[in-house]
Amino acid sequence: MSYSERGRAANGSAGRSTTSYGTGRAASRGTGHGTASYGTGRGSASYGTGTGRSASGSAGKRPAAAASSGKARKTKRKKKHPKLRLFFKILFLLILLAILAVVALFYFKYGNTLLKWQAEAKKMIAASSEDTFKSSEASFIYDSNGKVLAKLKGDHDSYYLTFDKIPQYVKDAFVVTEDRDFYKHAGYDPKALVSAGVTLFLNKLRGQDATRGASTITQQLARNIFTDYLPYTDKSYSRKVKEIFVATEMEKKYSKDQILEFYINNVFFANGYYGIEAAARGYFSKPASELSLAEVAFVCSIPNRPQSYDPLEHFDNTIKRKNRILDQMLSQKFISSAEYSDAYYSDIVMNPAKEIKNQNYLTTYAVSCAAKALMQKQGFEFRYEFSSDADRSSYDAEYKDMYEECYKSLHTAGYNIYTTLNKKVQAKLQKAVNEQLSSFTEKTKGVYAMQGAATCINNKTGKVVAIVGGRKQKSTTGYTINRGFQSYRQPGSCFKPIAVYTPALERGYTANSIVDDTYFKDGPRNADGRYLGKIPLRTAVEKSKNVVAWRLFQEMTPAVGLSYVKKMNFSKIVDSDYVPAASLGGLTNGASTVEMASAYATLANNGKFRNPTCIKKITDYDGNVIVNMNKLTKQKQVYKPEAAEAMTDILKGVLVRGTAAGKQLSNMACAGKTGTTSDKKDGWFCGYTPYYSTAVWVGYDNPRAVSNLYGSTYPLYIWHEFMEELHSGMEYADFVYDTGSSDSTNDKYKTTGDDTKATKAPKETIDPSATSTENETTSTEPAVTDAPQKDNGTEPSTPDDNSQGDGSSAATAKPQKPSQDNNYEDVGQETTQEDVTGGQ
């Protein structure tokens, strides 16, 4: 192509023209004829000569003028706001200088520390080998006599898989969910760190505690292995920096495939399982090589948050995360659409290994208490009151994170955990639960449908010595929670002494104060339909009168009554509980047997509360004390001593004249209270002696009515059988109070100068069908009744009970099934939402 042709093609000119090289910077297109002119100056070609321009006439000059005007405008824009431009330049320089100053300050202040941490990381990794990632230190739990109760150890050393033996699906699942840039970074991800830092900064501005994780697979592995140097409970920035140094050094020494192999074999899958092989055998009873894609995604869901994604307790959560992992694997093209579809819609059917099926209530409770003890040692503040739902959610998230980290360390750090749990006492309590519920044989998924739970506390120390979370079975095909501390149920009338009557005794009432048991509009009903009018407070407690408890609770206000139980760390009290129905135990979520036993132990301890636990101390592998619970546990005066004394004296009468008449212990002073929800879905008995306090619950996991379930039947039978055997051979003891007295006087109805509410003893206005009354003083022998009858073959059998009454009492048999007329007094009124079972 000739230059002229190129000119036409380039310029799209309608006229004929020869190419001309000019000296100007911009090209001007002309339409006239011109000759070629070759200039030597710097500039761009000018098409057309002067004659060409003149041929265009005046109109041809206008574009040049416009172009000139445009240049002028551009020049003016450049000169616009020169001061502002200078300001920004100076500001940029100042910011740069500030950054340099911060860096210099940081270096001079922390430089030596950083170099030290880097040197420590180098030395640590240099001394490591592949064997470092194939073993861990087991922790041991000891009973009250110093004998091993359980060994806590991950199974990854027994089921270690080399890289070539790990299923590809497993490798892909972890990389896609935990660290997509795993094969690109050098141990840490700068982009993720910056993103996490920005998120943390914004959350601080918003006043939120939520954080965003930025740990790579290598960093997680470093935390899991080098727990002494990078403790789980250390949430400081310094630990994060140390972690980066360790991860960086690991990347230098080991290949990516090795690191991924170490990680998959050491990651925690809940329930004591470490590594994919242990998890596969634990949850599906087969090796990892036989897992389907759906099962791989399911199991790989757990390590992200073992407490939240534990499939035995939160199956639905695990399924949701499994589906999310499949979504990510598909989006990253690790699996095909067909594989995705098959796995997404596959049913997950677990087949837990034998060790999971075995129920060891002592171990599960000890592990929970040990994890909380470590949390407390690290400064975690346990809270029971919240300003809002958001505040509670924030706390719950923080609690779960801390608990999971401490729980993990129990399986790897080589702790020695010393407890107050007593195997012999445990055997007695388990036996009582099993025997008294033996004729309930219905099962749901291999687990008895009718269940019981109980907790026993040593009143001298305030610590748990035995806890039963359900009925023991020779074989089971399912998993059951420890209902002793993980299940929360409405406590019925057992709640009255701790939330109503003892607080009332602090406010001028006495055992002799006359209270009103008269039905009133919109008030509760007494279960037997009888109202006794003016009666002593003692009688109201013994006969479990709902109207009286409701009136007193309203008088002091629910806020005051519930403040006492919250001081004793009842964890499930919510805003909807601040209603009169709470006086009868009608709580939204309920209480656990540990909480109830601890509350009654507080009464036995003259009103002083000690947070229930079974931990005495925790030491490291070398015997150094990590946690000393005697130093961490502090007594709290919840009730005034004289109020607690008076309540104990009143509750002694429940086992003599009240709803538990005839079931006092043969050789020991005792006090207690029955409790039943109005629809007979939950039955309780909480009682104590000078030595021990025990709370018992009976009911179905999925609440349903039982025809003769009352606090005075199965729960009382369990309590009586256990406590009678527990105290056998012990020296008789009565309650000793801070004032030095051991019992109350007999002037129950005498008007005293300091009791303005007391009057003379009531006439025959109390329930004539009661087994005993306050003014029946001619006989001290408790009434004798027979055991309840079976109901269509589903109710418990009634083995012989040869226990003796206290003091001069004759032998007694089990109380008879409550009749229509006289033994419904312990039934509470349930006016809140359905009670729930769950729990931490």
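Go through region 444-458 and count every residue that is in contact with a helix residue (DSSP H, G or I) (Cβ under 9 Å, 6 or more places away or on another chain) and either surrounded by fewer than 21 Cβ atoms within 10 Å (Cβ to Cβ) or without any contact (Cβ under 8 Å) to a residue 60 or more places away in the chain (or both). Number of matching residues: 2.
Scanning region 484-524 for residues that are touching a residue at least 40 places away in the same chain (Cβ under 8 Å), open to solvent by 10 Å² or more (accessible area, probe 1.4 Å) and touching a Gly at 6+ places or on another chain (Cβ under 8 Å) turns up Phe485, Gln486, Tyr488. Applying the condition of being hydroxyl-bearing (Ser, Thr, Tyr) and modelled with pLDDT of 80 or more to region 94-134 and asking which residue is least open to solvent (accessible area, probe 1.4 Å) yields Ser128. Number of residues in region 368-394 that are within 16 Å of Thr633 (Cα to Cα) and touching a residue at least 60 places away in the same chain (Cβ under 8 Å) equals 10. Report, by residue number, each residue of region 525-542 that is without any contact (Cβ under 8 Å) to a residue 40 or more places away in the chain and either open to solvent by 20 Å² or more (accessible area, probe 1.4 Å) or among the β-branched types (Val, Ile, Thr) (or both). If the condition is that a residue be without any contact (Cβ under 8 Å) to a residue 40 or more places away in the chain and either open to solvent by 20 Å² or more (accessible area, probe 1.4 Å) or among the β-branched types (Val, Ile, Thr) (or both), then Gly529, Tyr531 are the ones that fit. Put simply, of Val625, Val656 the only residue that is hydrophobic (A, V, I, L, M, F, W, C), over 23 Å from Arg507 (Cβ atoms) and open to solvent by 50 Å² or more (accessible area, probe 1.4 Å) is Val625.
Taking the criterion of being assigned to a helix (DSSP H, G or I), open to solvent by 30 Å² or more (accessible area, probe 1.4 Å) and polar (S, T, N, Q), the residues of region 545-601 that qualify are Gln554, Ser563, Ser576. In region 158-175 there is at least one residue matching the filter, namely being in a loop (DSSP other than H, G, I, E, B), at pLDDT 80 or above and over 25 Å from Lys252 (Cβ atoms). When region 334-347 is filtered for residues that are modelled with pLDDT of 95 or more and not aromatic (Phe, Trp, Tyr), the ones remaining, listed by number, are Ile335, Ser336, Ser337, Ala338, Glu339, Ser341, Asp342, Ala343. For Leu312, the criteria (1) at pLDDT below 95; (2) in a helix (DSSP H, G or I) hold in every case but one, which is (2). Checking each residue in region 583-614 for being of a type in the set (A, V, I, L, M, F, W, C) and more than 30 Å from Lys460 (Cα to Cα) picks out no residue at all. Within region 543-552, identify whether any single residue is within 36 Å of the chain's Cα centre (by Cα), within 15 Å of Met647 (Cβ to Cβ) and without any contact (Cβ under 8 Å) to a residue 60 or more places away in the chain, and answer yes or no. Looking through region 543-552, at least one residue is within 36 Å of the chain's Cα centre (by Cα), within 15 Å of Met647 (Cβ to Cβ) and without any contact (Cβ under 8 Å) to a residue 60 or more places away in the chain.
Would you say Lys320 is at positive phi, open to solvent by 60 Å² or more (accessible area, probe 1.4 Å) and free of Cβ contacts under 8 Å to residues at least 40 places away in the same chain? It is false that Lys320 is at positive phi, open to solvent by 60 Å² or more (accessible area, probe 1.4 Å) and free of Cβ contacts under 8 Å to residues at least 40 places away in the same chain. Candidates Gln426, Gln430: the one that is touching a Lys or Arg at 6+ places or on another chain (Cβ under 6 Å) and open to solvent by less than 60 Å² (accessible area, probe 1.4 Å) is Gln430. Restrict the check to region 241-251 and report whether at least one residue is surrounded by fewer than 19 Cβ atoms within 10 Å (Cβ to Cβ), under 30 Å from Ala297 (Cβ atoms) and modelled with pLDDT of 90 or more. Yes, that holds for at least one residue.
The values are calculated or read from the model by the stated rules, or taken from the named source; none is laboratory data. Just so it is clear, the model here is predicted, and its values are computed rather than measured. Virtual Cβ from ideal backbone geometry, glycine too; neighbours counted across all protein chains shown. Please note that ligands, DNA and RNA were not included when accessible areas were found on the heavy atoms of the full protein model with its side chains. Shrake-Rupley method; radii C 1.70, N 1.55, O 1.52, S 1.80 Å.
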